[in-house]
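Visitor: Provided herewith is a single structure, encoded as structure tokens, for subsequent inquiry.
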Ligand code: HEM
């Protein structure tokens with residue numbers, strides 16, 4: 001048999017090995033999506049819990065940030081893992097969408113049978129909003145390039161001041177709603193991919209996805225809302241101003 005007679009998927013297997021044929025399969029890309037989603041989801045939960053220390057005051061939040069920076073290997077390890085996960089997550093999403101469009105007939109039949117929710121139908125839009133949010137968020141609170149009064153190291157001041165100005169807090173609120181939709185369907189389908197798809201567990205899956213999503217979204221929404229309502233005030237800068245006045 002000539003090389004040209006070998007069907008394309010088989011030729012792919014022989015030349016690029018098992019890993020790439022796994023990644024080329026739709027189940028492989030779904031697994032990549034689930035694993036990278038798990039990493040990103042884990043980060044978002046831990047990040048929100050860490051940020052809750054803002055309610056303990058500037059000293060507690062700033063000391064937490066100092067502690068994280070004192071472990072550069074961990075900090076950079078997490079950053080590299082997050083970046084790689086985000087890139088792979090987007091790659092898997094785009095390539096699965098393309099494959100669905102290419103096999104439109106099959107996709108259409110599947111779609112009719114699948115239970116669809118508002119969250120599942122808006123995954124692409126919520127994903128795009130989240131990507132834009134992450135870029136803005138890094139420029140806003142990590143690099144400070146789009147922040148009106150960024151003070152390196154004064155995380156408490158940066159968050160409070162950052163939510164006192166312009167449309168920033170409203171963009172955060174919009175992004176957290178997109179995060180809610182994305183996480184709810186993401187957590188639900190992640191559990192499906194890892195095999196928790198028995199109808200007996202469906203209610204539990206919905207309940208868990210709703211609970212963890214509500215926890216993260218309400219926690220995150222509380223920060224801009226607490227600043228806008230005056231519950232959180234820029235005590236660190238007011239202390240600095242008081243010291244400067246003396
Ligand atoms: C209102 C909600 C949020 C607040 C108040 C907040 C606050 C912050 C702050 C203050 C920093 C800088 C920390 C430092 O320099 O020590 C930061 C960094 C970061 N945030 Fe958020 N964040 C929020 C939501 C999110 C969400 C939803 C995501 C992901 C979707 C996210 C992802 C990140 C990432 C990736 C970094 C960079 C971490 C690093 O420098 O290694 N944040 N956030």
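Every number here is computed from the coordinates shown, using simple stated rules; none is lab data. Small disclaimer: the values here were computed from a predicted structure and weren't measured. As a convention, Cβ positions derive from the backbone with ideal geometry for all residues, glycine included, and neighbour counts pool all protein chains shown.
Visitor: Subtracting the Cα-Cα distance from 0.36 nm times the residue separation, let me have the gained length for residue 74 to residue 52 in nm, one decimal. Kindly include the intermediate steps, with their values, before the conclusion.
Guide: On the way: separation 22, 0.36 × 22 = 7.92 nm, distance 2.08 nm.
Additional length available on full extension: 5.8 nm.
Visitor: Additional query: If neighbour count is taken as other Cβ atoms inside 10 Å, put 202, 154 in order from fewest to most. The partial results should precede the final answer.
Guide: Values: 202 15, 154 20.
With the fewest neighbours first, 202, 154 line up as 202, 154.
Visitor: Further question on the same structure: I'd like to compare 185-191, 84-90, 67-73: which one has the highest average count of other Cβ atoms within 10 Å, and what's the full order after that?
Guide: Details: 185-191: 21.0, 84-90: 16.3, 67-73: 10.0.
Per-residue Cβ counts within 10 Å, averaged per peptide and sorted highest first, yield 185-191, 84-90, 67-73.
Visitor: Let me ask something additional. Extending each Cα 7 Å along its Cβ direction at residue 43 and residue 139, get the distance between those two points in nm, one decimal.
Guide: 1.9 nm
Visitor: Here's another thing I want to ask about it. Please compute the modelled spin-label separation between residue 83 and residue 207, points set 7 Å along Cα→Cβ, answer in nm with one decimal.
Guide: Label-label distance for residue 207 and residue 83, simple model: 4.2 nm.
Visitor: Could you list 30, 233 so that the one with the fewest beta carbons within 10 Å of its beta carbon is first and the one with the most is last?
Guide: On the way: 30 16, 233 12.
Least to most surrounded, the residues fall as 233, 30.
Visitor: Can you tell me how region 40-198 classifies by the Cα gyration tensor, rounded, prolate or oblate, using a/c under 1.5 as the rounded cut?
Guide: Details: a/c = 2.37, a/b = 2.01, b/c = 1.18.
Prolate, since a/c reaches 1.5 and a/b exceeds b/c.
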